[in-house]
1. Quick check on my filter: what residues within the stretch 179-219 are closer than 20 Å to Ala307 by Cα and either more than 15 Å from the chain's Cα centre (by Cα) or surrounded by fewer than 20 Cβ atoms within 10 Å (Cβ to Cβ) (or both)?
2. Can you name the number of the only condition in (1) farther than 27 Å from Asp135 by Cβ; (2) under 15 Å from the mean Cα position of the chain (by Cα) that Leu287 fails?
3. Just to be sure, is Leu63 of a type in the set (A, V, I, L, M), surrounded by fewer than 23 Cβ atoms within 10 Å (Cβ to Cβ) and either farther than 26 Å from Ala306 by Cβ or modelled with pLDDT of 90 or more (or both)?
4. What strands (runs of 3 or more DSSP E) completely inside the stretch 1-60 contain at least 1 residues that are polar (S, T, N, Q)?
5. Can you find even one residue in the stretch 33-52 that is modelled with pLDDT of 95 or more, more than 16 Å from the chain's Cα centre (by Cα) and not polar (S, T, N, Q)?
6. Taking the stated definitions as given, is Gly257 surrounded by fewer than 24 Cβ atoms within 10 Å (Cβ to Cβ), in contact with a Lys or Arg (Cβ under 9 Å, 6 or more places away or on another chain) and either of a type in the set (S, T, N, Q) or part of a loop (DSSP other than H, G, I, E, B) (or both)?
7. Which numbered condition in (1) within 29 Å of Gly319 (Cα to Cα); (2) among the polar types (S, T, N, Q); (3) part of a helix (DSSP H, G or I) is the only one that Ser266 fails?
8. Scanning the stretch 269-296 for residues that are farther than 30 Å from Lys4 by Cα and touching a residue at least 40 places away in the same chain (Cβ under 8 Å), which turns out surrounded by the fewest Cβ atoms within 10 Å (Cβ to Cβ)?
Amino acid sequence: MNKKGIAVAGNMIVDMLYPINGFPGPGELTTVTGDVSRVTGGCLCNDVIDLAVLDPSLPLTALGRVGADEAGEFVLNELRKYPNINMDGIKVGGATSFTLVMADEISKQRSFYQYRGANAFFCEEDINWDKLDVDMLHIGYILLLDALDAPDDVYGTKMAKLLAAAKKRGIKTSIDVVTEVGERFGRIVTPPLKYTDYCIINESEAQATTGVKLINENGGLIYDNIPAALKKIKELGVSTWAVIHCPQGGFGLDEKGEFAEIKGLSLPDGYIKGSVGAGDAFCSGMLYAAWRGMGIKDALELGTAAAACSLSRPGATEGMRPYPEAMSLYKSLR
């Protein structure tokens, strides 16, 4: 097995988790039902920690920006707990990005209020390509990295330019997208897909990216449209795996155009303690599977297993388990 490993780039965030008793309407009040907790968040922190736990021998590289403040030191100290994470590519300066996460204990849904901070300035110039000796580069979140979401005359966006630079160096590329209300998907998400090998996004993001309707008026999944959305993602340029994940399951098209799916797990009552990191956990499982050379169906199982681990604890990464334990949990819940 290749031992160069995986680089994870992008958002480094402090998440402030507020457990609440239902989402209020305009002008209404809700109750914070428990202690407010502080954890690391964002694509870089969540995915690189999940990967470090899945396989403590996997070489990992973190690429991003964090503030020169107490919150930034908190993030760095959390990453330092994992010896297999190389932190030389993290730039320090400005103010650390933070997100206020309102986690509804009734519906298990959450909403996010995000301050960009240092993440807004992360750009290709922050990456020392000569020292980046990895097999894969995963970056996110598109739509939440202002400098990389900026337009580029040649590639469409600076993110697309960065991914193209990675591919020229023989590095496999992977992207993740933030779920956002608005009309920016076509302009900002589409150009990077031409230089993406692995696209792993949720049903809402896939609908906004492709224009294929996946969510009905009642918020349910339009299952029959999943293959068309995956095909559209591949048509937009994704070379290897196009993957959509949601509570109902994981779905993918591989490099041969073959469709695979894994049903979501029926979790016991009370099992879900938080969902803030489930999507990133699923993505981490998929990335690890891809790095190991697994097929897409096995990868979907591992992604689902990783998401189930994450759901067992309130924070984004605290529920993750090593690969053998994650798969044992998956088999016990299937």
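1. Thr179, Ser204
2. (1)
3. no
4. By residue number, 37-41.
5. Looking through the stretch 33-52, none of the residues is modelled with pLDDT of 95 or more, more than 16 Å from the chain's Cα centre (by Cα) and not polar (S, T, N, Q).
6. Yes: the conditions hold for Gly257.
7. (3)
8. Among those residues, the one meeting the criterion is Tyr271.
The values are calculated or read from the model by the stated rules, or taken from the named source; none is laboratory data. Quick caveat, the model's predicted, so the values are computed rather than measured. Positions of Cβ are generated from backbone atoms using ideal geometry, with glycine treated the same way; all protein chains shown enter the neighbour counts.
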